[in-house]
Amino acid sequence: MANPSILILPGDGIGPEVMAEVRKIIGWFGENRNLNFDLSEDLVGGAAYDAHGTPLTDATMAKAQSVDAVLLGAVGGPAYDDLDFSVKPERGLLRLRKEMDLFANLRPAQCFDALADFSSLKKDVVAGLDIMIVRELTSGSYFGEPRGISDLPDGQRVGINTQRYTTDEIRRVARSAFELARKRGNKVCSMEKANVMESGILWREEVTWVHQNEYPDVELSHMYADNGAMQLVRWPKQFDVIVTDNLFGDILSDCAAMLTGSLGMLPSASLGVPMENGRPKAMYEPVHGSAPDITGQGKANPIACILSFAMALRYSFDQGAEATRLEAAIETVLAAGARTADLLGPTGGSPISTAEMGDVIIKALDAS
Ligand code: NAD
């Protein structure tokens with residue numbers, strides 16, 4: 001059988017720096033675990049604009065559609081701030097998400113014990129935390145029509161966005177959440193505002209329908225999204241998988257992610273419908289941006305991007321045990337005190353470089 005294929009899009013700023021470390025890790029799995037991938041690489045964001053005058057060429061888009069998974073670094077930077085909106089680096093990212101129809105955005109909030117002091121919450125609240133937020137990514141208030149700003153007859157202006165969800169849109173993201181829960185703690189909490197929004201009532205009814213008809217073995221609870229935000233900072237360990245819409249998910253996933261400390265540690269996955277081979281359309285990327293303030297200095301933490309590859313192993317390639325091996329190697333190096341500059345915290349110490357972090361993770365994998 002052909003090797004699974006991955007398109008690597010390093011992008012801008014620290015994107016290429018952190019992706020170089022991911023390539024080392026991918027190489028390790030080939031040499032030591034007989035896990036080989038067909039890798040190709042292309043340009044996205046500012047780098048693509050510089051070369052082709054567009055943040056994503058049609059050819060790269062077609063390649064992204066044809067591979068088993070896309071691994072993206074980051075896009076953007078001050079050099080592109082004044083570009084027309086239509087060719088800004090972020091448009092490349094949005095085009096990938098839209099045309100691949102990546103409707104389920106997975107953001108884990110996982111607290112490595114060695115970094116529990118980093119959280120703004122008490123250590124016992126976050127130590128050992130491992131939750132997953134599933135955010136609907138292609139519908140809801142950010143896309144609903146009508147939208148816009150217009151003038152009113154009395155001289156005022158009005159700004160409108162529409163929260164709109166269909167049965168299918170809710171059911172498919174609910175299925176993603178239930179499937180994930182079955183691979184984890186078998187619990188889903190669905191969040192909306194059914195107390196004040198009709199779209200929230202529909203959301204609750206459709207999630208319940210999917211549960212009763214397709215996933216009765218998974219535990220389902222419902223929570224109003226505002227209470228969800230409170231519960232996330234009060235006692236986040238009560239959750240396993242949270243599923244919610246685009247707008248609430250945007251806010252709740254940032255809130256949950258920050259429970260765990262540094263931006264340099266946060267991976268994400270965006271998944272679509274299964275392809276012919278059964279694998280979902282998928283793009284994996286760190287949550288952070290291109291970090292122009294530290295670009296080219298060897299200071300970037302590559303762990304968010306490496307953890308994104310771990311998610312690819314688990315969710316695209318059915319290699320959960322190997323994903324756990326990689327996560328455990330990261331836990332080991334952190335416990336041994338390896339820190340890039342962003343992980344030093346108030347006590348200080350001497351940081352290691354981006355490449356050195358990649359190297360110590362490889363050493364920990366060797367010992368695994
Ligand atoms: P950012 O995430 O790039 O950086 C925020 C802060 O976190 C900076 O101080 C940066 O040095 C630090 N940081 C981020 N990632 C880090 C890492 N891996 N290791 C160590 N420190 C890290 O956000 P920003 O500064 O608001 O945006 C910079 C550029 O990135 C902008 O052009 C923005 O549009 C773009 N951006 C892209 C994405 C994406 O590609 N998905 C996401 C957010 C921002």
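Laid out as a table, the results:
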| quantity | calculated |
| --- | --- |
| Accessible area in square angstrom per residue, the stretch 1-135, 1.4 angstrom probe | 42 Å² |
| Mean Cβ count within 10 Å, highest first, over the residues of peptides 80-89, 188-197, 41-50 | 41-50, 188-197, 80-89 |
| Zone residues, the stretch 76-91, relative to Q297, backbone N less than 18 Å from point 7 Å out along Cα-to-Cβ | 77-79 |
| Dipole-positive endmost among H288, P216, L247 within the chain (Cβ charges, Cα centre) | P216 |
| Accessible surface of the chain [probe 1.4 Å, protein heavy atoms]: carbon and sulfur percent | 52 percent |
| Rounded accessible area per residue of the stretch 156-251, 1.4 Å, Å² | 49 Å² |
| q = 0.10, 0.12, 0.22 Å⁻¹: log10 I(q)/I(0) that the Debye formula gives for the stretch 236-347, counting C-alpha atoms only | -0.36, -0.52, -1.43 |
| Viscosity 0.692 mPa s, temperature 37 °C, Stokes-Einstein D of the chain from Kirkwood C-alpha radius, µm²/s | 154 µm²/s |
| Approximate spin-label separation W235-D117, in nm, with each point projected 7 Å along Cα-to-Cβ | 2.7 nm |
| Three principal axis lengths of the stretch 59-217 [C-alpha, angstrom, descending] | 51, 41, 41 |
| Relative contact order [Cα under 8 Å, 6+ residues apart], the stretch 130-258, whole percent | 37 percent |
| Net charge dipole size for the chain [Lys, Arg +1 and Asp, Glu -1 on Cβ; Debye, nearest 20] | 620 debye |
| Loop-resident sites, the stretch 275-361, for GluC sites (Glu not before Pro), counting at most 14 other Cβ within 10 Å (DSSP) | E276 |
| Highest to lowest packing among 28-37, 150-159, scored as the average C-beta count within 10 Å | 28-37, 150-159 |
| Calculated [θ] (222 nm, deg cm²/dmol) that DSSP helices of n ≥ 4 give over the chain, each run adding -39,500 (n - 2.57) | -12500 deg cm²/dmol |
| Solvent-free Debye scattering, log10 I(q)/I(0), computed from the Cα coordinates of the stretch 130-258 at q = 0.10, 0.12, 0.14, 0.22 Å⁻¹ | -0.33, -0.46, -0.60, -1.30 |
| Selection of trypsin sites (Lys or Arg not before Pro), the stretch 94-150, meeting DSSP coil and at most 14 other Cβ within 10 Å | K122 |
| List H211, H52, ordered by accessible area with a 1.4 Å probe, largest first | H52, H211 |
| Test item: Cα-centred dipole of the stretch 144-241, Lys/Arg +1 and Asp/Glu -1 on Cβ, debye | 460 debye |
| Potential lengthening between V273 and K363 on full extension [0.36 nm per residue; Cα-Cα distance subtracted] | 28.8 nm |
| In nm, spacing of pseudo-spin labels at T162 and T324 (7 Å Cα→C-beta vector) | 4.7 nm |
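The values are calculated or read from the model by the stated rules, or taken from the named source; none is laboratory data. Keep in mind it's a predicted model, so treat the numbers as computed, not measured. For neighbour counting, all protein chains shown are included, and Cβ atoms are generated from backbone atoms with ideal geometry for every residue, glycine included. Keep in mind that these areas ignore ligands, DNA and RNA; they rest on the heavy atoms of the full protein, side chains included. Shrake-Rupley method; radii C 1.70, N 1.55, O 1.52, S 1.80 Å.
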